[in-house]
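Below is one structure, written out as structure tokens, with a few remarks after it.
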Amino acid sequence: MVFSTKFAELKDKGFFNNLVITRGIEKESLRVKDTALLSQSDHPKQLGSPLTNKYITTDFSEALIELVTPTFNDINEIYDFLLDLHIYTAHAMESNEVLWSNSMPCLIEDESEIRIAEYGSSNIGKLKNIYRRGLRVRYGSIMQCVAGIHYNFSINDASLGLLAENLNKETKSNIYLGLIRNFKRNFWFLLYFFGASPIFDKSFVSGRSHSIKNIKGSDLFDEHATSLRMSEVGYQSYHQQALDIKYNSLESFISSLKKGIFEEYEVFKKLGLYDHNNERQQISSGILQIENELYDSIRPKRKGISESRPIELLSAQGIEYVEVRGIDLSPDSLVGISKDEMRLLDVFLIHCLISESKPMNQSEYDEINKNYELAIHSGSNLDLDLSFNGKTSTIRNKISKISEELLSISKELNSVDPEFENSVSNCLNKKNKSMALLNNIFDLNQSFKNHVLEDSMKKMNELRDKKPKNIDILEAEKSKSIELLQEIESKKGIELDQYVEQYNDKVRG
């Protein structure tokens, strides 16, 4: 069914009038010294425990802060909470530190500067540390220092019910899998509008092979790149291609995850589960140590109690929401993403949700991956040809067609939020972010690190001049996280290796 027919049908059913969108945001940022070097200090104590604080934690390294909002139905509310998390964090950090405002990291002179995140003495805390040690031994630490936005998205069941005759675990999962396949088909579109990492400091690829040819002083760049963070030098693993994940069914997705975790992969097996000190350095020797190691631009998700495995939750209850992962930090926003950009993401995801989504075959899978590579390295060139079902089209022509459809959706969503149409129109008419960043750096004759440091310091000063509205909520969570950590660590746990095996046994069957 062509988009216009489906759109008209859903409009007649009132799909857009009563639509409730639920969103949550996870935002990563490096703590960086005012010398443009990575912070060596511990995660700030004033932020509570990174293991148990549900709003403020760490990602791969001690210096990589992750800010996590609750879910909201209102864009203004989620933005305000995300802003509060930034303000609260900025006040807790050392006065000579900033939150790095670009997705590509600061100057890293040696990998030894990157301290793996620590979570205390409990088994769950040690497991999180072992997972990160595994990432270091598999891929090196520097690749793990890129930062981005994860955007969690779902719509209400009443609206989903208009897309399926009988809404249940299986049909709901299939609707979200259709969204995921369409997202993969058009991810190049998001790279054009959200990519903001066309340049980085040479230290990022020190000692690694790469395809980036252009050099300017201490920097490497691709003239028409969108998101080198998502390229082969960034947050990627070519090993995972062996899992052949096409998102055609929840069963096949779970089966691929299990294969990735439990089938020994020779490359990672050779690295050993234990290091030379006989300390555990990998959770498993599969392509994936755990489900979260799956590096993809989007993933199906389900919330559950702490220590539940994603495979367990998805198998038992199906898909609840999708997690969009391929979003660079926006240089134009104090918090890495603007309200306008959130609305564009919403409309794009609704477009993916309601458009026809046939199962993906091997030739389309290969075509999508080729488009992905081209769009990462050259996607801000509007005259670049991409391939769609064997036929080529320029990015310019495809953007024009998709934009028209997105504007139709945004117009309908004005009944939900009167800013939708304006926001989407603003984003679609804005100058390409990656090209604007390159032009700024070149026009000012700055290096990447100096340009981003200047921008980060300016934003940090702005954050430190503000006070969080939700200070009581954030202070309460900090105190609660410290108490919870003490409670967890006071309980005598089983031996660590046994704990890891029990953790794996949850999904082994």
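Convert each backbone phi in region 248-265 into a coupling constant with the Karplus relation 6.51 cos²θ - 1.76 cosθ + 1.60 (shift: θ = phi - 60°), then list the ³J(HN,Hα) values in order as whole Hz, x for Gly and Pro.
These are the phi-based 3J(HN,Hα) values: 7, 7, 5, 4, 5, 5, 5, 4, 5, 4, 4, 4, x, 7, 9, 7, 4, 10 Hz.
Report, in listed order, any pair from 184/339; 431/467; 27/433 with a Cα-Cα distance greater than 30 Å.
Violating the 30 Å Cα-Cα cut-off are 431/467.
Between residue 430 and residue 393, take the C-beta separation as r, use R0 = 22 Å, and let me know the FRET efficiency to the nearest 0.05. Could you put the intermediate results ahead of the total?
Working: r = 22 Å, r/R0 = 1.01.
That pair, residue 430 with residue 393, gives E of 0.50.
What nm distance separates the two modelled labels at residue 475 and residue 164, each placed 7 Å from Cα along Cα→Cβ?
The two pseudo-label positions are separated by 4.5 nm.
Pulled fully out, how much extra length does the chain show between residue 383 and residue 71, if you take 0.36 nm times their separation in residues and subtract their Cα-Cα distance? Mind dumping the intermediate values first?
Details: separation 312, 0.36 × 312 = 112.32 nm, distance 3.86 nm.
Here the answer is 108.5 nm.
For region 363-380, just list the computed ³J(HN,Hα) in residue order, Karplus coefficients 6.51, -1.76 and 1.60, θ = phi - 60°, integers in Hz, with x standing in for Gly and Pro.
Result, rounded to whole Hz: 5, 5, 4, 5, 4, 4, 5, 5, 4, 4, 4, 4, 5, 5, 8, 9, x, 8.
Hey, what number do you get for the chain at 222 nm if only DSSP H runs of n ≥ 4 count, each worth -39500 (n - 2.57), divided across all residues, to the nearest 500?
So the helix-based figure for the chain works out to -14000 deg cm²/dmol.
Neighbour counts of other C-beta atoms within 10 Å: give me 20, 452, 322 arranged from fewest to most.
Details: 20 12, 452 28, 322 22.
Fewest-to-most ranking of 20, 452, 322: 20, 322, 452.
If you filter region 110-217 for trypsin sites (Lys or Arg not before Pro), then keep DSSP loop positions with at most 14 other Cβ within 10 Å, what is left?
Those satisfying the criteria are 208, 213.
Which chymotrypsin sites (Phe, Trp or Tyr not before Pro) from region 202-278 combine a DSSP loop assignment with at most 10 other Cβ atoms within 10 Å?
Taking region 202-278 and a limit of 10 other Cβ atoms within 10 Å, no loop chymotrypsin sites (Phe, Trp or Tyr not before Pro) are found.
Within a 10 angstrom radius of the beta carbon, how do 106, 352 rank from fewest other beta carbons to most?
Ordered from fewest to most neighbouring Cβ atoms within 10 Å, 106, 352 come out as 352, 106.
Between residue 483 and residue 464, what is 0.36 nm times their sequence separation minus the Cα-Cα distance? Round to one decimal in nm.
This chain segment gains 4.1 nm when fully extended.
Longest exposed-loop-site-free stretch of the chain, with GluC sites (Glu not before Pro), DSSP loop and at most 15 other Cβ within 10 Å?
357-494
Please arrange 69, 394, 52 by counting, for each residue, the other beta carbons lying within 10 Å of its beta carbon, fewest first.
Least to most surrounded, the residues fall as 394, 69, 52.
Estimate the FRET efficiency between residue 494 and residue 275 by the formula 1/(1 + (r/R0)^6), using the beta-carbon distance for r and 22 Å for R0, to the nearest 0.05.
0.50
When DSSP beta bridges are limited to those with both residues in the chain, what percentage is antiparallel, rounded to the nearest 5?
Close to 95 percent.
Values quoted throughout were computed directly from the atomic coordinates according to the rules given, and no laboratory measurement underlies them. Computed from a predicted structure; not experimentally measured. Because the Cβ atoms are built from the backbone with ideal geometry, glycine has one as well, and the counts that use them run over all protein chains shown.
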